[in-house]
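The structure appears right after this line, and notes come after that.
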Amino acid sequence: MSLREFTFGIGDTFQKVCLPEEHISDVMEGKSVPAVDIKKATIDCMRNPISSDPLQKKVTPGDSVCLVVADCTRIWNQSNKFLVYIINELNLAGIPDTDICIVFAQGSHRAHTPEENIKVCGEEVCRRIKMYQHDCNDTTLVDLGKTKIGTPLFINKHVVDADKVIIVDGITVHLFAGYGGGRKLILPGVSGYKTIQCNHCHALAPQIGEGVNPLTRPTLLDHNPLNDDMIEACAKINPCFLVHSIINAEGEICRMVGGDWYDAWLEGTKEVHRIQQVPMKQKTDVVFACAGGYPKDVSLYQGSKCYDPAEMAVKDGGIVIAIMEARDIKEPPAYMDSFCFDTMEEMEKALRAEFTIPFFCRL
């Protein structure tokens, strides 16, 4: 009998397991794409951008510049390794550190600890640049009206008041927005609680009992109401530039994209699809799935990212075994509270009454 060896880990403990080859349908992994020189790739994407003038030409001395940066649940993007090069490029354009601020795109997530600021930005940036934690319940949020589908737009004041806004993150597939990054740095990133609620409710089908909206799934952008709403919100702010990383299967930065906040992001989504798309011979009875390690599985809630791709690979009535570390004991209350319902219908009605992503992940 031919055996195939796998290594599973919990915390710092790893166990090798051998499974019969004939019981394994396939191991699904992204394509092998080489890592890049991060400094070189970041500078290049700012000086040879997509659908935009170089970053140095997008700002003018005297401008106040706000960097909207993804929070600690997205440190897989390795922004701590490239954020400093963005700031240095702004310095070369005549923008001193004192005219630059960072607003963390926390959406409805909790505030960072000082240690998490360093994980996101790096020690040098934390010493040089003033930083603000976004609070979706802040009373100083600015009312920018409503989107076409009626989402009230309340946006962080530091972002609205800045002369120029740059959005910084990484790109990967997303549970219901199709892909992460880009316009998500504004909505939900620096939006008010009510704004986030109204936008995210479109992840549910129009009728009660129908569950998830089929238009809001991973990789789907066309006719996705959440995506369209997010794009409209981002256009209100109209960031002057975008810098995003793309990560390979080994967790390394394999490309940096920079330029127009929409076109550069869209080009990045195509690259992500090329790297992460894998052929599947057939659906299987049992799927082992993980979210990709820390910080993607920092909590049970964040680790649930692995459920959607696992669902695509498992047969109806099959078994999904989710492997995650979940070291953060600060689970969102909405996630834990969702376990109190007896039926899916009860859960869906409660979710429609007060939508949260942690609750949605349990639907």
Counting trypsin sites (Lys or Arg not before Pro) as exposed when in a DSSP loop with at most 15 other beta carbons within 10 Å, what is the longest stretch of the chain free of them?
149-280
For the chain, what does the relative contact order come out to in percent, with C-alpha contacts under 8 Å and a separation of six or more?
19 percent
Near the amide H of ALA105, under 5 Å away, which other amide H atoms are found, from residues 5 or more places off or on another chain, if H is placed in the peptide plane?
VAL69, ALA70, ASP71
ASP143 versus ASP342: modelled label distance in nm, points set 7 Å from Cα along the beta carbon direction:
4.3 nm
Run through region 228-257 and list the GluC sites (Glu not before Pro) located in a DSSP loop whose Cβ has at most 12 other Cβ atoms within 10 Å.
GLU250
Between VAL314 and residues 5 or more places away or on another chain, which pairs have amide H atoms under 5 Å apart, with H built 1.01 Å from N, and which residues are they?
THR284
If I model a spin label at ASN238 and ASP222 as a point 7 Å from the Cα along the Cα→Cβ vector, what separation in nanometres do I get?
2.9 nm
Amide H contacts of ILE149 (H built 1.01 Å from N, under 5 Å, at least 5 apart or other chain):
none
Over the heavy atoms of ILE237, what accessible area does a 1.4 Å probe trace out, to the nearest 10 Å²?
30 Å²
Karplus couplings for region 92-98 from phi (6.51 cos²θ - 1.76 cosθ + 1.60, θ = phi - 60°), rounded to Hz, Gly and Pro as x?
5, 8, x, 9, x, 3, 5
Taking a 1.4 Å probe, which of LEU266, LEU220, LEU351 shows the most accessible area, and what order do the others take after it?
LEU220, LEU266, LEU351
How far apart, in nanometres, would the label points at ASP97 and ALA249 be if each is projected 7 angstrom from Cα along the Cα-to-Cβ direction?
4.1 nm
Ignoring ligands, DNA and RNA, what accessible area per residue does the chain give at 1.4 Å, in Å²?
48 Å²
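Using DSSP to call loops (not H, G, I, E or B), can you name the GluC sites (Glu not before Pro) in region 303-363 whose Cβ has at most 16 other Cβ atoms within 10 angstrom?
Passing sites in region 303-363 are GLU354.
The values are calculated or read from the model by the stated rules, or taken from the named source; none is laboratory data. Since we're looking at a predicted model, the values are computed, not measured. Reconstructed Cβ throughout: ideal geometry from the backbone, glycine too, with neighbour counts over all protein chains shown. Only protein heavy atoms, including side chains, enter the accessible area calculation; ligands, DNA and RNA are left aside. Shrake-Rupley method; radii C 1.70, N 1.55, O 1.52, S 1.80 Å.
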